[in-house]
Structures are given as C-alpha cells and as structure tokens.
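Before any comments, here is the structure.
The values are calculated or read from the model by the stated rules, or taken from the named source; none is laboratory data. From a predicted model like this one, the values you see are computed outputs, not experimental measurements. When we count neighbours, we look across all protein chains shown, and the Cβ atoms used for this are built from the backbone with ideal geometry, even at glycine. These area figures cover heavy atoms from the full protein model, side chains too; ligands, DNA and RNA do not enter into them. Shrake-Rupley method; radii C 1.70, N 1.55, O 1.52, S 1.80 Å.
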Amino acid sequence: MGLSLRVSHLQWAFDTRSEPFLVLDELSVAPGSSLAISGPSGSGKSSLVFVLSGMERPRSGTVAWGGQDVTTLGEAARDAWRRHHAGLLFQDFHLVPPLSALENVLLPTTFDRWRPRSEDVSRAYELLDRVGIRKPHQRAGTLSRGEMQRTALARALLFRPQVLFADEPTASLDEASESAVADLVFEAVEHESITLIMTTHQARLRDRADAQLELSHGRVVSGGLR
Amino acid sequence: MMNPFPLLMADLRRSFFGSLGILVLLAFAFSATIAVSLFERGFRNAGAEVAQDTDLVVGAPGNGTSLVLNSVFLLGTEVLPLMPMSVFDKLQGDPRVAAASPLVFSDHYQDAPIVGVGPAFPRLKPSLHLAAGRWPQAPFEVTVGSGVGLVLGQRIVGAHGVTARRGVPEELHEAHPYVVVGVLARSDTPWDRSLVTPYQSLWLLHGIAAAPAPGSPQIDADETDLRAQVSAVLVKPANFAAAYALKADYAKNGTQSAFPGEVLAQLFGVLADVRTALTILSTIFQALVFAAVLITLIASLPQRTRWLGLLRGLGASRGYVFLALWLQSALIFVVAGLAGLGLGWLGAQALGTWLGGRLAMTIPITWEPGDLAVVAVFWLLGLLGALVPAALGFRVSARKALLRSD
C-alpha cells in the first residue's frame, strides 16, 4: 500500500546563504494516489522531487511520509528510506549502458547484498516481461529510448516501493513511446497501490494524475486534490 | 555486504581503452624499477658464481680489472701483456701455493677462446666437471665447453687471435688440428664457451717450443726456451694468510696480482651506483606517471557524475559510492603492479639473456622477498592515491549530478 504524504511550511534553498527558492506551505497526497507537478523550466519541479524524496534536506518544514518526517533523518537514514520505500524514474533514464537490462534492474540489490536474492531475480524478470522487454540480457546501451525508460521503470519497481517519484518520465520519448510508458507507469501504480509523485510539462500526462500542482519560480500557482 | 563490482566493471568496460592506457603506463613505469633490481642482482650473483673458483690471479703489470675480466670471465676484451713462464715456475715451487696453472690466450675457434692451461687446471676449477671424455693431456688435445657444440673425436682447426675479428680474414693453424678428447658439463660460466688445451699447444703453434716428435704424449715445460711466456697464472693459495702474502709478493717486480672477488666487488660497487641512479630515475618516472594517472582519474570524474547521482538517487549510501570509485582506481593500480612485475621480469630476462650471451654465462633472474616489498609499496601508494578520486566523488551532490545535462 502506498504511503500518504503531508508537507508543511517547506522552504528549500540552493545553499545556506541564498534566499529560499522553493516555498510550499501545505501539501497532502493520499496513499496510492498520484500527484502531477507541472510548471515551466526552472520553476522548481525537480527540486521539489529531490526534497520530497529525501535527496535534499529543506531549510525548514516537514515532509512526512506515512507519518515519518524524513527531514529529521540523517543522510544515511534518508538513503535507506529511499532504498526501501521509494522508486525513482528519471527523464534521462539513467541506466548503466554496459550493463544488461536485467543487471540494471538488479543494480539496487548491490547496495547491500553481494548477490541478489533469487526472489529479486524472479521479480526483475517478471517486471521486465511486464514492461515488454523481451531480451533481458541485452545491453542497456543498445536499447531504444522507449525500452530504456521501460527498463528504468522495472528498476524503480523492483523493491515494491510505496512511493514512485517520476521526474519528467516521458519528456525524452517520442509520442508512441510516451503513451506506452505513461500507460505502464499508471498501470504499475494502480496494480501495486503506489503513491505517485510525478513532474511533467505534458498536459496529457498531467491530466491522468489524481491531483495537480503547478509551480512557478518555486511557488505554488495552483493545485490541489481533484 | 555491498557489492560495487558489477558497476565498476561496467565502468571499466565503458572506458576500456582509457583504463587500459592508464594501466599500461603504470605497469611500464613500475616494470623499470623491477627490471633494474632483478637484473642487477642476477648479474652480481652470476659474477660471484664465476669468480668463486679463482682465489688469486697473477699477470704482467697492467690493468688489474682487465686481468680479471680476461682470465676469469674470458672476455677477450684486450690482449693481456705476457709475462715469463718463470713466474709460473716460481709460483709452482712456492710452498704457499696449493696449485697453479698458467693461462695462455692466443687463439680461438669460432667465437670461443682456446685457452692454454697446465695440468693443475682441473684442481683450480673444481666446479667444472667432465660430461664425457677426459681432460687434455697432450698438445693438440682439447676439452670443450658444453656450449661450443663439439663432440668427442671431432677434429678442429684453431685460428690466430684471442677473439675472431669481424671483417678480418682468419689466420688458421691448419697444419695442427686439435682433437676433442673431452666435453665439459654445463657450468653456466664462460668456460661453457671455451676450449681448454695444454699451453704447449699454443706455444708450438707460435714457434715458442719445438713441435713434439710424432707419438710424443706430452711436452715437459723444461723443453721450452726462455721466450716462453704466459698470459696469466691462476693460483690456489695454501691458506688464507698465504693468499695475502702471495698477493703482496706478486704485486711488484714485473708482475701484478688480484683477487677476482675484490675486483668484482669494485665493479659491483659501480654497478650498484648505476642501479641507484637508474632506480632514482625510474622512481621519478613512476611518480610522474602516478601523478598523471591520478589527474586523469580525477578529470574523468565528471563523466561518472551522472552514475554517482543515479546511485545516490536509488538509495546507495555514500560509502557504496566511495567504495565503487576507490575500488575502480585501486583495481587499476593492483593489476598494473602485477603487470609491472611480469614486464619487469621479462625485461630483466631479456637483458640477462642478451648480456649473458655476450659474456657466455647464465645470469639468473630470480625473485626475493624484497621484491614483494617493492610491489607492496607500489600497491600501498596506489591504494592511497585511489582515495583521492573516491573522496572527490563521495562529495558529489545527487541533485547536481542528476541535473547534469551531458
């Protein structure tokens, strides 16, 4: 089951000396629902994802996932939280080209295991099959862009995350791939009841989310649960 | 337990030629130190092995080093000045002398010197053993070293001159061929590529003594005339004190004397200085290569920054990132150390084979525990150096890395 999100009085800045770039007074996302964050380039979409996922620590405010405020955790604990509770999907896929699709999906298992567990390997094969990758041993560098993003989705889903962060997941894809990947993302979050936090500037994708938040210059322009 | 190997191997595959270039550069830089060390030790051991049989050499006044190099190493670098046979007679009759043999160098067969010796020669060279036949007893009998390539009963013709001279026609002694009566076992000394004959053979060939009557088994030294001369005399003193007394006595009055070991020690001293100089040079070279490699590894960090961001984004700890980066550089240093050992050994072997061939002796290239200490220091420095790119990558911000546009 996905985690709920409650954000309050959030302020984040690029460094300790500069003015807060991102200001968000209140935000709530229900477990298993989806939130699309949109806005022009430089509006703070990706920065908000970094803060919500615990990669960046805010200057002030709380980010509570299922009641746990991740801003109070140390860096190692936030890394562990992300490893165990979150999946990440990036605009540029961020696959390791010399590794196969399967090895890319299993990459997170190497963070705390010498060899992946057999259930992880089975899950990886199953996910690759589910996202339509028929040659799991093909080098990631030789996959099409659509296949790369589908492999990245399989990787994000490996540990059955309760939250999926997707930063412009279809922005680098052609129209056909965009639609296929979007379908797979929404199928996955519905199938596994994952809470989805997604940035996008594509209206088709944004409109499929349960809630929308529009940012401009780090401030909320409009948004709320639909 | 974390396992960054799949990732670092993937990165090495991605940058295969760059990593290989770094590895080869490091390996060659390191191999120079190893090669110099192995070769110098091998050469020293080989020299000591060759000289161990010879306690004292007496010759005509001149260059002591040349006397030893020509009479012990049979280098034939120059014609030794001759001294009267009476010096040998006097030594032979000296109660302080256990054994003595004249050495006469004047002829050669192909690339091998024909060395005229006395009957006591086998006692003076206990490390030389017969593989077949016997030692020569009569003029124009010859016992050959294992590397000469002759067999018992074969007849050969010597040529004039201590060594063959390129471009100069050979002056053959065709009237007086030699017959092979013995073959020496391999000794890994210059004697492997020499022919040993009674010194009278060479005297007869050069008109110093009358030719023996047909059927005469042996020529007595008394039959020689006053012009009889020898190149050097090998001496086995009766005891330690006698050795020094003889050395002092024969260092004057128209002779010079030398302990081969002492001369070799001086030569090895020079060789050690050369080794030190080469080691310093190769160490400087290594340091420069080391610095260049570290700079390259640091400069290549931006290419890996996106991966580092990905790892951090997926929840990898900073420790994992640090370990992955450190292991990647460390692996290059470890493999380069091993490759350097191999290349150094090959280099020393090649040098040993080349110089050993020229000196007609075997230069053994062997490992000693100290060599492992050298590679251990190289590895230690490499592993420490690898901390630098790892520490820099460790500090990379996930947000900045993931937002990179390249």
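For B:K400, give me every one of the lysines with a C-alpha distance below 24 angstrom, ignoring sequence neighbours fewer than eight places off in its own chain.
A:K45
Would you please put B:385-391, A:171-177, A:81-87 in order of how densely packed they are, using the mean number of other Cβ atoms within 10 angstrom per residue and starting with the highest?
Working: B:385-391: 18.3, A:171-177: 14.6, A:81-87: 21.6.
By packing density, highest mean first, the sequence is A:81-87, B:385-391, A:171-177.
Ordering B:D111, A:D207, B:D11 from largest to smallest accessible area (1.4 angstrom probe), what's the sequence? Before the final figure, lay out each step's value.
Working: B:D111 125, A:D207 80, B:D11 5 Å².
Result, largest first: B:D111, A:D207, B:D11.
As a test of the definition: with a 1.4 Å probe, what buried accessible area, both sides summed, do you compute for A against B, in Å² to the nearest 100? Display every interim value, and only then the final one.
Numbers: alone 10740 and 19490 Å², together 27700 Å².
For A against B, buried area totals roughly 2500 Å².
If you roll a 1.4 Å probe over the heavy atoms of the protein chains, what accessible area per residue do you get for the stretch B:1-66, in Å²?
Details: 2590 Å² over 66 residues.
On a per-residue basis, the stretch B:1-66 sits at 39 Å².
Using a 1.4 angstrom probe on the protein heavy atoms only, could you order B:H176, A:H94 from most to least accessible area?
Output order, biggest surface exposure first: B:H176, A:H94.
What is the mean number of Cβ atoms from other protein chains located within 10 Å of the Cβ atom of each residue in peptide A:45-51, rounded to a whole number?
Numbers: counts 0, 3, 2, 0, 3, 7, 1.
Per-residue shielding by partner chains comes out at 2.
Using a 1.4 angstrom probe and counting only protein chains, how large is the accessible area of B:F140 in Å², to 10?
30 Å²
Just how much of B:K90 is accessible, in Å², when a 1.4 Å probe is used and the result is rounded to the nearest 10?
140 Å²
Taking amide hydrogens as modeled 1.01 Å from N in the peptide plane, which residues meet the under 5 Å criterion relative to B:A98, leaving out close sequence neighbours?
Sorted by chain and number, the residues that satisfy this are B:K236, B:A238.
With a length cut of 15 Å (Cα positions projected on each helix's long axis) and a Kyte-Doolittle mean of at least 1.0, go through chain B and give me the DSSP H helices that pass. Intermediate results must be reported in sequence, preceding the final value.
Numbers: long enough: B:16-51 (50 Å, 1.27); B:260-299 (56 Å, 1.65); B:301-313 (17 Å, -0.45); B:318-359 (60 Å, 1.20); B:369-385 (24 Å, 1.81).
Long hydrophobic helices here: B:16-51, B:260-299, B:318-359, B:369-385.
What are the ³J(HN,Hα) couplings of the stretch A:180-191, residue after residue, when phi is run through the Karplus curve with 6.51, -1.76, 1.60 and θ = phi - 60°? Round to Hz, x for glycine and proline.
5, 5, 4, 4, 5, 4, 5, 4, 5, 5, 6, 4
Quick one: which residues, 5 or more positions from B:V183 or on another chain, have an amide H under 5 Å from its amide H? H modelled 1.01 Å from N in the peptide plane, none for Pro or chain starts.
When sequence neighbours closer than 5 places are left aside, the close amide H contacts are B:A131, B:A132, B:G133, B:R134, B:V144.
Under the definition of partner shielding as Cβ atoms of other protein chains within 10 Å of a residue Cβ, what is the mean value for peptide B:1-14?
On the way: counts 5, 6, 8, 2, 2, 10, 7, 0, 2, 11, 3, 1, 5, 5.
Partner Cβ neighbours, averaged per residue: 5.
Computing the accessible area with a 1.4 Å probe over protein heavy atoms, can you report the carbon and sulfur percentage for chain A? The partial results should precede the final answer.
Working: 4590 of 9470 Å².
That fraction is 48 percent.
At a 1.4 Å probe radius, carbon and sulfur cover how many percent of the accessible area of chain B? Don't skip to the end; give the middle numbers.
Values: 11710 of 18230 Å².
Carbon and sulfur: 64 percent of the exposed surface of chain B.
Across peptide A:78-88, how many C-beta atoms of other chains are within 10 Å of each residue C-beta, on average?
Numbers: counts 1, 11, 2, 1, 6, 4, 1, 1, 3, 2, 5.
That works out to 3 on average.
Can you give the calculated 222 nm mean residue ellipticity of the protein assembly as shown, where each DSSP H run of n ≥ 4 adds -39,500 (n - 2.57) and the sum is split over every residue, rounded to the nearest 500 deg cm²/dmol?
Values: 20 runs with 283 residues, N = 632.
Computed ellipticity for the protein assembly as shown at 222 nm equals -14500 deg cm²/dmol.
Give the angle, between 0 and 90 degrees and rounded to the nearest 10, that separates the Cα long axis of helix A:118-130 from the longest principal axis of the Cα atoms of chain A.
In chain A, helix A:118-130 runs at an angle near 80 degrees to the longest axis.
Charges only on Cβ, +1 for Lys and Arg, -1 for Asp and Glu: so what's the dipole of chain B about the Cα centre, in debye to the nearest 20?
Working: 28 positive and 26 negative charges, 569 e Å.
My answer is approximately 2740 debye.
In what sequence, highest mean first, do A:54-61, B:151-158 appear when ranked by Cβ atoms within 10 angstrom? Please report the intermediate quantities before stating the final value.
Details: A:54-61: 19.6, B:151-158: 15.0.
Going from most to least packed, we get A:54-61, B:151-158.
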